[in-house]
Every structure is written in C-alpha cells, then in structure tokens.
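This report concerns only the one structure given below.
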Amino acid sequence: MKSFFKRILRRVDLELRNFSIEKSENARFFTMLSHHKVNTIFDIGANGVQFGVILRDFGCKGKNISFEPFNLSQIRVTQNQSK
C-alpha cells in the first residue's frame, strides 16, 4: 500500500517524507521568531528577496524590510517586493 501511494505521488513530482521540527533548520528558526514575537525582519543584502519569499512561504505575517546595497540586486528586490 505504501509503495502504491509513492508511485502516485512520483507521477505528479511529489514526495512524502516525515517531518521533524528538531531536524528542520527553517522550522526551528520560525518557531523561535514566533516564540519571541518577532514582527519585523530587516534583510540586509537581500539577494532578490529570497529570504522574504521563504518567510512568506512559512506563514510569517510580520513586516519584512529588505535592502540590497548593489544597484542590480536593488532592481530585483523592488520587483520581487511588488509580487
């Protein structure tokens, strides 16, 4: 039965795995943010707002202020923030 579900999931490019907060660096980080009631993140060296996207994907609803000191990257930050 287990292999049947694995085959179905593979057909749609999905994989089912056990999840452990202790083993997930991102989950531990976001648990810590929640525990300490962090509601504003300053992302200096934003690299196209990649970290901001991860924050939103994990359900962080606080303010994310992203700053990139280099001009080309600043354009990407502005474009990604408008999404």
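Against the empirical curve 2.2 N^0.38 Å, the C-alpha radius of gyration of the chain lands at a ratio of 1.46.
Neighbour counts of C-beta atoms inside 10 Å place L33, L55, L16, L9 in the sequence L16, L9, L33, L55, starting with the fewest.
For S66, nonlocal amide neighbours, meaning residues 5 or more places apart or on other chains whose placed amide H falls under 5 Å from its own, are D43.
Taking a sphere under 15 Å around the Cβ of L14 and counting the other residues whose Cβ falls inside, with K and R at +1 and D and E at -1, yields a net charge of +4.
Tell me, F5, F30 in order of fewest to most beta-carbon neighbours within 10 Å? Sorted ascending by nearby Cβ count, the order is F5, F30. Evaluate E = 1/(1 + (r/R0)^6) for N80 and I8, where r is the Cβ-Cβ distance and R0 equals 41 Å; express this FRET efficiency to the nearest 0.05. The formula returns an efficiency of 0.75 here. Phi angles of the range 22-38 translate, via the Karplus equation with coefficients 6.51, -1.76, 1.60 and θ = phi - 60°, into HN-Hα couplings of 5, 9, 9, 4, 5, 4, 4, 4, 6, 5, 5, 4, 5, 4, 8, 6, 6 Hz per residue; Gly and Pro are given as x.
Only the coordinates and a few stated rules stand behind these numbers; no lab work does. As the structure is a prediction and not an experimental result, all values here were calculated from the model. For neighbour counting, all protein chains shown are included, and Cβ atoms are generated from backbone atoms with ideal geometry for every residue, glycine included.
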